[in-house]
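Step one of this worksheet: look at the structure below.
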Amino acid sequence: MDKIRIVGGNELKGTIPISGAKNAALPLMIASLLTEEKLILENVPRLADVALLQRILGNHGVDITTNGKRNGDDPYAGQTLEIDARVIVDTIAPYELVSKMRASFWVVGPLLARMGVAKVSLPGGCAIGTRPVDFHLDALRALGADIEIDAGYVLAKAPRGLTGARIVFPKVSVGATHTALMAAALARGESVIENAAREPEVVDVADCLIKMGARIEGAGTSTIRIEGVPRLKAARHAVLPDRIETGTYAMATAMTGGDVMLAGARPDLLEDALETLRHAGAEIDATNEGIRVRRNGAGILPVEVSTAPYPGFPTDLQAQLMALMTKAKGRSRITETIFENRFMHVQELARLGARIQLDGDTAVVEGVERLTGAPVMATDLRASVSLVIAGLAAEGETMVQRVYHLDRGFEKLEEKLSRCGAEIERISG
């Protein structure tokens, strides 16, 4: 099993290209199931989750062609996927595939909307909370689907098609919003999604669906209106830049006291996180090239943050911020309001010398003068990269194990960091 070895103490200086957003690429790939015509997605990141979803879609009969790079192309440019779901050969998404990645459950909406039937395993993914699929299923029921759960599978039927409806989520859910949005695109009549997720990735999916012929208004607000259409057509769409990767490298730069240009990053996608970094002592400047992050000489200042649905501070940056705060000059408070089990990185950060106390859903971080390298174990995707951030500033060697978590969400992480001066390498085996 691969490990990542880091020798801390080097400032990050240079340019890090930001990849396409994983959290947009996955639902965009799934949206291909809604049309018999070809969907071309550009700027798709090369990630383990993307490769797994290609396998899952292939199981349904979807043909996916990956365009290779030409000589002289930017090695960090995203890949282009040509997705052809003209023939759906199977409406079953089996446990052995869906259990490996939660987002693959979202195929239930498009399969049901287009084929009138779907049998999808209940999902798996990172162990950061229960994250039930009740909201997804309630939305499909509202659209007229008959839903049963049997032996760990969701059996969904709508032989006469789906019908527009008013869907009110009791709590904001990105995944359920994706499911409702895609299913409603082919439903008869108008659907209204209330308390919809406002994340940029939801907007990106809606923008792509509109290019495919869907009639959608209000994406990016809490109320989305969809007028269903009989069919969707071919389209070409570029995945938006990854705001979580952007925030992660911004925090890594602040942690090491460096100066890095995050090329291709969009500041409008993570304003709350960037403002938090400014409070922590980093200089953040938006340019035509991307976002420049600096912390030269000034210490790291403590912050108080609560995670929240967009446009609040992202739960997917909570672990990274905690790593940064381990070296702040004072006490920080980080409250996690989205997922109940998302503090599993705390005990691993403590192995590096961090001082963190948990009080329910709040972590109190007392900054220390120095962290010391040690062997640590990644527990989930975002927790694993928090250990990398801490290792970049720790004295001596840090060895991060179970790095397959990192491969799910960060493209060429060691290469991007090493080209900016980090002493970091992957050790295979």
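Annotations for the structure displayed:
- Relative contact order of region 93-211, defined on C-alpha pairs under 8 angstrom at six or more residues apart (%): 25 percent
- Cα centroid of region 1-49 to Cα centroid of region 314-363, whole Å: 25 Å
- Using only side-chain charges placed at the Cβ, +1 for Lys and Arg and -1 for Asp and Glu, the dipole size of the chain relative to its Cα centre rounds to 340 debye.
- Panel order for ASP316, ASP90, ASP272, by other beta carbons found within 10 Å of each beta carbon, from fewest to most: ASP90, ASP272, ASP316.
- Extending 7 Å from the Cα toward the beta-carbon at both SER99 and VAL87 defines two label points whose distance is 3.1 nm.
- Subtracting the Cα-Cα distance of ARG55 and SER306 from their residue separation scaled by 0.36 nm leaves 86.7 nm.
- Shape analysis of region 22-231 based on the Cα gyration tensor places the equivalent ellipsoid semi-axes at 25, 19, 17 Å, largest first.
- Based on C-alpha pairs under 8 angstrom that are at least 6 apart in sequence, the chain has a relative contact order of 21 percent.
- For region 22-231, lysine pairs with C-alpha atoms less than 29 angstrom apart, excluding pairs fewer than eight positions apart on the same chain, total 22.
- Pair ARG333, GLU227: separation of 7 Å Cα→Cβ label points (nm): 4.9 nm
- The loop-placed trypsin sites (Lys or Arg not before Pro) in region 222-303, going by DSSP, that have at most 16 neighbouring Cβ atoms within 10 Å of their Cβ come out as ARG231, LYS233.
- Translational diffusion coefficient of the chain (Stokes-Einstein, Kirkwood radius from Cα pairs, 4 °C, 1.567 mPa s): 59 µm²/s.
- Among VAL44, VAL174, CYS208 the positive-end extreme of the charge dipole of region 22-231 (Cβ point charges): VAL174
- Computed over region 274-429: relative contact order in percent, which uses C-alpha pairs under 8 Å that are six or more apart: 17 percent
- By the count of neighbouring beta-carbon atoms within 10 Å, fewest first, MET212, MET182 end up ordered MET212, MET182.
- Integer Hz, Karplus 6.51/-1.76/1.60 couplings in order for region 215-228, x for Gly and Pro: 10, 9, 10, x, 4, x, 10, 7, 10, 10, 10, 10, 9, x
- Other-chain or far-sequence residues with amide H under 5 Å of ARG188's (modelled H): LEU162, THR163, GLY164
- Helix-derived mean residue ellipticity, 222 nm - over the chain, DSSP H n ≥ 4, -39500 (n - 2.57), to 500: -8500 deg cm²/dmol
- Taking GluC sites (Glu not before Pro) in DSSP loop conformation with at most 13 other Cβ atoms inside 10 Å as exposed sites, the chain has its longest uninterrupted site-free stretch at 1-288.
- Placing unit charges on the Cβ atoms of the charged side chains and taking the dipole of the chain about its Cα centre, the candidate lying farthest along the positive direction among PRO375, ALA263, ALA165 is ALA165.
Any read-out appearing in this document is the output of simple, stated calculations on the displayed coordinates, not a laboratory observation. Please read all numbers here as calculations on a predicted model, not as lab measurements. In this analysis, Cβ positions are derived from the backbone assuming ideal geometry, glycine residues included, and neighbour counts consider all displayed protein chains.
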